[in-house]
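This report refers to the structure that appears directly beneath it.
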Amino acid sequence: MKMMDLPTPCYVIDEGALERNVQILHDIETQAGCKILLAQKAFSGFCAYPLIGKYISGTTASGLYEARLGAEELGKENHIFSPGYKEAEMEDIIRLCDHIVFNSFYQLERFRDRCLAAGKSIGLRINPECSTQEGHAIYDPCGPASRLGVTLSNFQGHSLEGVEGLHFHTLCEQNSDDLERTLQAVEEKFGPYLHQMKWLNFGGGHHITRADYDKERLVRCIRHMKETYGVEVYLEPGEAVALNAGYLVTEVVDIVKNEMDILILDASAACHMPDVLEMPYRPPLQQAGQPGEKAYTYRLSSVTCLAGDIIGDYSFDWEIKRGDRLVFEDMAIYSMVKNNTFNGMALPAICAMDKTGDCRIVKEFGYLDFKERLS
């Protein structure tokens, strides 16, 4: 089956592109002597975990369910960080995870003895108070009054007994120059503590598989921290694993006119690609240009009742007709993990495309997937 023959809407995981990404990450592991983990918050398409597991060292989780998925489906190193662990979850987290990172000294002191008794490596998230974000304050863990990570001023009077690692996460879709700047702040503030540690986790947000990413600088940064402090270095990218490795295929249901031509699609920004509204951003669309760049310009919207469920304005060399298929690109990340059934919208099928372009349906969703979330 080819992509244009699949039911719509559907996500398509591009296995060839995914493999190219994890090969790049494996090369970084080899060159720098670090370990790279899949951040499942960006991509949890576990049908691809056997492929991913051939190349990188494991998974990282933001909560119990992701931790269980990583343990069950990839089965290599399994790390977790959460701003707050609940008592009822901790027994399972300790069973499932190798490395457990805490966000506060209160949480560390509450669960430290149990983690150590089970032989787990525990860490503490730090906040180097070094913002490198531009224009996306919602994604800045070092912004004012951030709840994420312990600042240097809050280290006073607390014991690091049993703590083997420090963790920071400050980047979002950024290059290695921002990592280098962040590391300078980490060393300036937390250098004395690093000498006591066995490992340091650089977090995620590293766009390593992007074409313009400076990999040589990344390798230098990793080697510097390893050699200076004698620590093992982890990175946990999510987007870099599945960047440009997926599509969302949709069909034009109708075309309406109000000052311009508006396409009504069976895919939704609000339901199927929430980052389009949350970020916000304009997702790439195959064979389409900027408004007015080509002969025919349309606004792309959805069948939901949300007036602002607008994907963006695009232009084409040909006139779009009802029943046409359109393909959004870079739809593996923050799509399947964030979608929802607002308005009773069907969840898109999940499909996989091999290196020859042949597609298979991995999973389809129906009414019960909508109903059984509710009561």
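The values are calculated or read from the model by the stated rules, or taken from the named source; none is laboratory data. Worth saying up front: this structure is predicted, and the values here are computed from it rather than measured. Cβ sites come from the backbone with ideal geometry, for glycine too, and all protein chains shown count toward neighbours. Just so you know, the surface numbers come from the protein's heavy atoms only, side chains and all, with ligands and any DNA or RNA stripped out. Shrake-Rupley method; radii C 1.70, N 1.55, O 1.52, S 1.80 Å.
Of note:
- Any hit, the range 75-85, residues being at pLDDT 95 or above, of a type in the set (Gly, Ala, Ser) and under 30 Å from Gly157 (Cβ atoms): yes
- Whichever residue in the range 1-46 is more than 17 Å from Glu239 (Cα to Cα) and of a type in the set (A, V, I, L, M, F, W, C) and, among such residues, is surrounded by the fewest Cβ atoms within 10 Å (Cβ to Cβ): Met4
- Whichever residue in the range 108-140 is open to solvent by less than 10 Å² (accessible area, probe 1.4 Å) and of a type in the set (A, V, I, L, M) and, among such residues, is farthest from Gly203 (Cα to Cα): Leu108
- Any helices (runs of 4 or more DSSP H) falling wholly within the range 1-118 and containing at least 2 residues that are touching a residue at least 40 places away in the same chain (Cβ under 8 Å) and out of contact with any Ser or Thr (no Cβ under 6 Å at 6 or more places or on another chain): 15-32, 105-117
- Matching option when the condition is surrounded by 13 or more Cβ atoms within 10 Å (Cβ to Cβ), within 22 Å of His99 (Cα to Cα), in contact with a Ser or Thr (Cβ under 9 Å, 6 or more places away or on another chain) and of a type in the set (Gly, Ala, Ser), among Gly191, Gly143, Gly204: Gly204
- Of the residues making up the range 303-312, those that are open to solvent by 10 Å² or more (accessible area, probe 1.4 Å) and either under 21 Å from Val12 (Cβ atoms) or of a type in the set (Gly, Ala, Ser) (or both) are Val303, Ala307, Gly308, Gly312.
- Residues that are more than 18 Å from Ala42 (Cβ to Cβ) and either of a type in the set (A, V, I, L, M) or open to solvent by 10 Å² or more (accessible area, probe 1.4 Å) (or both) within the range 284-297 comprise Leu285, Gln286, Gln287, Ala288, Gln290, Pro291, Gly292, Glu293, Lys294, Ala295, Tyr296, Thr297, listed in sequence order.
- Test: residue in the range 241-263 that is surrounded by 16 or more Cβ atoms within 10 Å (Cβ to Cβ), on the phi > 0 side of the Ramachandran plot and either touching a Cys at 6+ places or on another chain (Cβ under 6 Å) or not in a helix (DSSP H, G or I) (or both): yes
- For Tyr281, the conditions (1) in a loop (DSSP other than H, G, I, E, B); (2) in contact (Cβ under 8 Å) with a residue 24 or more places away in the chain; (3) open to solvent by 60 Å² or more (accessible area, probe 1.4 Å) are fulfilled apart from (2).
- Any hit, the range 313-329, residues being modelled with pLDDT of 95 or more, farther than 19 Å from Phe365 by Cβ, under 21 Å from the mean Cα position of the chain (by Cα) and open to solvent by 40 Å² or more (accessible area, probe 1.4 Å): yes
- Of all residues in the range 146-165 being polar (S, T, N, Q) and not in a helix (DSSP H, G or I), the one that is most open to solvent (accessible area, probe 1.4 Å): Gln156
- Residues of the range 121-177 that are closer than 19 Å to Lys198 by Cα, charged (D, E, K, R) and more than 19 Å from the chain's Cα centre (by Cα): Glu161, Glu164.
- Given (1) surrounded by 13 or more Cβ atoms within 10 Å (Cβ to Cβ); (2) of a type in the set (Val, Ile, Thr); (3) more than 19 Å from the chain's Cα centre (by Cα), index of the condition Ile350 fails: (3)
- Some residue of the range 348-370 being in a loop (DSSP other than H, G, I, E, B) and within 17 Å of Val253 (Cβ to Cβ): yes
- Scan of the range 78-98 for residues that are within 19 Å of the chain's Cα centre (by Cα) and surrounded by fewer than 18 Cβ atoms within 10 Å (Cβ to Cβ), ordered by number: Pro83
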